[in-house]
Every structure is written in C-alpha cells, then in structure tokens.
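All remarks here apply to the structure that follows.
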Amino acid sequence: MRDPARGRFLLISLVQIGALVGACLGLVLAARAEETLGKVVGIALVIAALWVLGVVPRALARRWRSEQ
C-alpha cells in the first residue's frame, strides 16, 4: 500500500525547489537588467518566491496534519 505522506512530502519539496528557482531567476534578472523596470520585476520575483518559500509549505503541512 502506498503511503499518502510520501506524495505530500514530494509536493512540499517541489514547491520549495520551485520557489528557490524563482528566487534565483529573479536575482539574475535584477542583476542583469539595465533599466529600472527590469530591476523592479526581478526584485518583485525574488520577494514573491521568498513568500512562497515561507508560507506555502507550512500551509500545506497544516492542511494535511493528522487528527491524533
């Protein structure tokens, strides 16, 4: 029988990896942008990725918490 916790752990890990990739992409975009709009978009992407990294895994874990 397959354990449902394995899939949940995988999903939380994928969310964290995706957020880290987004943060790195935002850093690269902000560093290489020559105009202000590109820097603002890069910084906004970093902030959004850090928010996802901090909030979404906790929310998923809280939602999936067992009632013991």
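The values are calculated or read from the model by the stated rules, or taken from the named source; none is laboratory data. These figures come from a predicted structure and were not determined experimentally. Cβ sites come from the backbone with ideal geometry, for glycine too, and all protein chains shown count toward neighbours. To get the accessible areas, we keep the full protein, side chains included, count just its heavy atoms, and leave off ligands, DNA and RNA. Shrake-Rupley method; radii C 1.70, N 1.55, O 1.52, S 1.80 Å.
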- Once every DSSP H run of n ≥ 4 in the chain is given -39500 (n - 2.57) and the sum is divided by its residues, what mean residue ellipticity at 222 nm do you get, rounded to the nearest 500 deg cm²/dmol? -30000 deg cm²/dmol
- Crossing angle, helix 36-63 versus the chain [Cα axis fit, 0-90 degrees, rounded to tens]: 10 degrees
- So which trypsin sites (Lys or Arg not before Pro) in segment 1-38 end up in coil per DSSP with only 13 or fewer other C-beta atoms within 10 Å? Arg2
- Note on the structure: Over the chain, with neighbouring protein chains present, the accessible area per residue in Å² at probe 1.4 Å is 84 Å²
- Item | Under 14 Å, Cβ to Cβ, from Leu45 - net charge with Lys/Arg +1 and Asp/Glu -1 | +2
- Query: Which label belongs to the value computed from this structure, given these candidates for Rg and Dmax of the Cα atoms in Å: (1) 11.4, 35; (2) 20.6, 56; (3) 16.0, 55?
  - Reply: (3)
